[in-house]
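Here's the structure, in structure tokens; my notes come after.
The values are calculated or read from the model by the stated rules, or taken from the named source; none is laboratory data. Only a predicted model underlies this, so the values are computations on that prediction, with no experimental measurement involved. No Cβ is skipped: glycine too gets one built from the backbone with ideal geometry, and neighbour counts run over all protein chains shown. Areas reflect the complete protein model, heavy atoms only, side chains present, ligands, DNA and RNA absent. Shrake-Rupley method; radii C 1.70, N 1.55, O 1.52, S 1.80 Å.
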Amino acid sequence: MVQYAVTLKDGDWTVFKDGEAIERGLTRSAAIQMARDLAFEAEERGDTVELLIQGYYGDMSRRLTGGVEED
């Protein structure tokens, strides 16, 4: 599983991959777009993806997608 997250850290919107910051200083919309693009690429590779996005008031939305089913 790959996890991407968009959170407000030190006053900047930051994109994380598996807990490590990969891009800082973005607008919220740019950070969300980047995380969604990365999640889409991971899904295309067959990975299960957890996408976490922080709202303006600290609430978190979560989406779990992707993965290849095995019999």
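Do we find that Q3 is in a strand (DSSP E or B) and not hydroxyl-bearing (S, T, Y) in this structure? So Q3 fits the description; yes.
Of all residue pairs spaced 6 or more apart or on separate chains, those with beta-carbon atoms under 9 Å, a first member in the stretch 20-44 that is touching a residue at least 24 places away in the same chain (Cβ under 8 Å) and of a type in the set (K, R) and a second member that is outside any strand (DSSP E or B) and open to solvent by 40 Å² or more (accessible area, probe 1.4 Å) are R28/Y56. Taking the stretch 1-17 as the region of interest, how many residues are without any contact (Cβ under 8 Å) to a residue 40 or more places away in the chain and over 16 Å from R63 (Cβ atoms)? Count: 6. Among residues of the stretch 6-49 being part of a helix (DSSP H, G or I) and among the polar types (S, T, N, Q), the one that is surrounded by the fewest Cβ atoms within 10 Å (Cβ to Cβ) is S29.
Out of all the residues in the stretch 22-36, is one or more over 11 Å from the mean Cα position of the chain (by Cα) and polar (S, T, N, Q)? Yes, there is a match, as at least one residue in the stretch 22-36 is over 11 Å from the mean Cα position of the chain (by Cα) and polar (S, T, N, Q). Checked against (1) touching a Leu at 6+ places or on another chain (Cβ under 7 Å); (2) surrounded by 11 or more Cβ atoms within 10 Å (Cβ to Cβ), R62 passes all but condition (2).
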